[in-house]
Amino acid sequence: MSRKLRFGVLAAAALLAGSTTATAGGQPSPNAAEGATIAVVTHGQASDPFWSVFKRGVDDAAAAMGSNVTYSAPATFDMVEMASLIDAAVATNPDGLVVSVPDFDALQPSLAAANEAGIPIITVNSGSDNYQEIGAITHIGQDETIAGAAAGQRLVDAGATNVICINQEVGNAGLDARCAGAAESIEAAGGTLEVVQVDLNDAAGAQSTISSTLQADDTIDAVLALGPTGAAPALAALDELGTTGDTLLGTFDLSPEVIQAIIDGTMLFAVDQQQYLQGYLPIVFLTLNRDNLNTVGGGQPVLTGPGFVDASNAEQVLELTGSGSR
Amino acid sequence: MTTTVVPAIPKAPTDERVARSSPLMRLLIRPEFGALAGAVVVWLLFAWQAGGVWLSWQGTATYVDVSAKYGLTALAIALLMIGGEFDLSSGVMTGTTGMFAGLFAVNSGMHVVLALVLSLVLAVAIGVINGVMVVKSRLPSFIVTLGTFFALQGFNLWLTQRVTGLTNVTGIDAASGYELGRRLFASTMFHIGRAEFSISLLWFVAMAVLGSWVLMRTKVGNWIFAVGGNRDAARMVGVPASATKVGLFVAVAVCGWVHGMVVLFETSRSNVIEGVGQEFYFIIAAVLGGCLLTGGFGSVVGAAFGCLILGMTRQGIPLAGWDPNLNFLFLGAILLAAAFANEAIRRWASTAGRPSQRKIEEAAHDAAVEQDVIAATGDGGGDE
């Protein structure tokens, strides 16, 4: 009789032990070498190609500086979960904290606790409006409203009047700002902009949403995607409708697919915020801060964008995307 | 095992239903035992992997806080599952109630207390709608609440965008009465060194005590077990089955409202997708806590331990420095391990000290024959 019980308990223990040995393997203890211990917490979802380039920057810098970096991100765009990941990072008392702040209200208490604990902070990617308030050394990223306005202006210059803005990460205030910035320039020129929400984990669903929106209103003459996960289904939707090239298409952020589309002439431009730098630089800055008390930025953000990739420079950038750093 | 005294009535056939079982067995058969054991195992695992941080008050505070927040809704889900139903709209309720309270307080300019009361009324209404639809239609609650889940998610997005133009409702921290709401739902209960324990822990413990008392010590608790076991049989012996089920859906909605308010006042804003996807965590917590998907069995205290397992897992992985992508893999493994262990313990405990396998098979055979007879004579159900 009790053999059954023992089997159950053993099976449970074996499962737990199996997952432990598989995962715990290589990770060193926090105070292994002399390198700085830096915790990176972002809102980047693992399935988004944008963040793999960011992570590549973090890893390259960690290797170059000999630092000990832990990287964590919530499994979905969940700010309550992200706040608790910051709490966990603060509890390990690292030499520095790199954090993206897509929703300041939600993350503010956790960031304040990090600041109180005396941990040097650098905000990256999103958070340009709030980094000073939480006592961060600097912010590394682009100003989303400015970038949005620049993208909107490009579309206006190309002749767009009725634009849809594809938001693939509902709830991300940075993406809201991009659409709002673009709307400013487009409305200033007498055009209109409408926001369309899609799910970044459902490419097929996003494509059909975009294509039916375009079919429902044939005066729409331009599509602005807020990232490669929105740009790819937008490209597919234009292809499906046979309006590739007629309907203007611009996006934020790069992927090999986006750059190829620019080379092919099916996409007008991509706003590049060079997220490799957003991963690489804070590791360097925080290590210098620990070893040499350096602070970079002079109280101002360090801007990594907006830069534009268009037909004039797409070929060179494409070569670099192959190595995962653009 | 000297305590086990079997009354030795010579040769008389003993009735296994009144046989005494040992205290150890009574402990093992309890639904919360598996969750307690699991929580200890997971705690030890991360104590070993994460070391000092895990044992520190600050490390403890991070996982206790996360666990408590899961528990705000998960404990009610445990009651609902014992009552034989399911609520997939429980996650989105966090965002829905937060959005309503936020819009009332910020965009309609109401006092926070009024916004709280109104959003609670709406939460109760959603609970009643869920419950009545399930009870009246007799459709699986999985389908009905899947519908409300999607409907609410879309409604939140539509209304928030329409009113604010963004995907967030911000500015509640400037509304009148904000401080009161913050004190109720999002203040720090106590400090230990730099570690902060938030008031959601108090809500969590209070709900666990209340839920457990209702389930184990009141008539309503008996009703919940009864409707989860067999609704029609329960109704025949005089249990108000429909009212009990609707009440459970309302309880889930009210607890979802508390969860929504905690998130709203902690973050000072309401996000349209808040809580979406968390319904699965609530169900995992209830299952880890010994609740059966078929209803009629389970425990609120067990679900509380289930929440602790979830919280420890989520915070333990970054604290131990594991690759965060392993989070779901690990959760899935724990869920399976717990489900298998629970099942093995239950099967062992329910047969140990009972009549021989042959007798059980005979009984099963009799039951099967009876089943065949029912099937042969035509429809078995179809009342109302």
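No lab work stands behind these numbers, since they all come straight from the coordinates. Just so it is clear, the model here is predicted, and its values are computed rather than measured. Glycine gets a Cβ as well: all are built from the backbone with ideal geometry, and neighbour counts include every protein chain shown.
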With -39,500 (n - 2.57) per DSSP H segment of 4 or more residues and division by the full residue count of the protein assembly as shown, the 222 nm estimate, nearest 500 deg cm²/dmol, is -19500 deg cm²/dmol
Going from the fewest other Cβ atoms within 10 Å to the most, one would list A:317, B:163 as B:163, A:317
Counting sequence-distant residues (5 or more places) and residues on other chains, those with an amide H built under 5 Å from that of residue A:162 are A:192, A:221, A:222
Going from the fewest other Cβ atoms within 10 Å to the most, one would list A:78, A:239, B:87, A:253 as A:239, A:78, A:253, B:87
A correct Karplus calculation of ³J(HN,Hα) over region A:194-210, with 6.51 cos²θ - 1.76 cosθ + 1.60, θ = phi - 60°, whole Hz and x for Gly and Pro, returns 10, 8, 10, 8, 10, 9, 5, 8, 9, 5, 5, x, 4, 4, 6, 4, 5
Percent relative contact order for region B:33-342, counting Cα pairs under 8 Å at least six residues apart, stands at 38
Relative to the compact-globule estimate 2.2 N^0.38 Å (N residues), the Cα gyration radius of region B:151-284 stands at a ratio of 1.34
Across the alpha-carbon set of chain A, Rg over Rh with Rh taken as the Kirkwood radius works out to 1.04
Using alpha-carbon coordinates alone, the radius of gyration and Dmax of region B:33-342 in Å work out to 19.3, 57
The exposure ranking of B:92, B:112, fewest beta-carbon neighbours within 10 Å first, is B:112, B:92
Amide H neighbours of residue A:68 at under 5 Å, excluding residues fewer than 5 places away on the same chain, with H built from the backbone geometry, are A:36, A:37, A:38
Sequence order, region A:86-101: Karplus ³J(HN,Hα) from phi using 6.51 cos²θ - 1.76 cosθ + 1.60, θ = phi - 60°, Hz rounded, Gly and Pro as x, gives 5, 4, 5, 4, 5, 4, 7, 6, x, 6, x, 10, 10, 9, 8, 10
Scaled by the rule-of-thumb 2.2 N^0.38 Å, the alpha carbon Rg for region A:67-213 gives a ratio of 1.23
Relative contact order of chain A (C-alpha contacts under 8 Å, at least 6 apart) in percent is 19
The ratio Rg/Rh over the Cα atoms of the protein assembly as shown, Rh being the Kirkwood inverse mean 1/r radius, stands at 1.02
The simple spin-label model distance between residue A:194 and residue A:293, using points 7 Å out along Cα→Cβ, in nm, is 5.9
Rounded to whole angstrom, the alpha-carbon centroid of region A:288-326 lies from that of region A:48-64 at a distance of 12
Restricted to pairs 8 or more residues apart or on different chains, the lysines in the protein assembly as shown with C-alpha atoms under 26 Å apart form a number of pairs equal to 6
About its Cα centre, region B:33-342 carries a charge dipole, from +1 on Lys and Arg Cβ atoms and -1 on Asp and Glu Cβ atoms, whose size in debye to the nearest 20 is 580
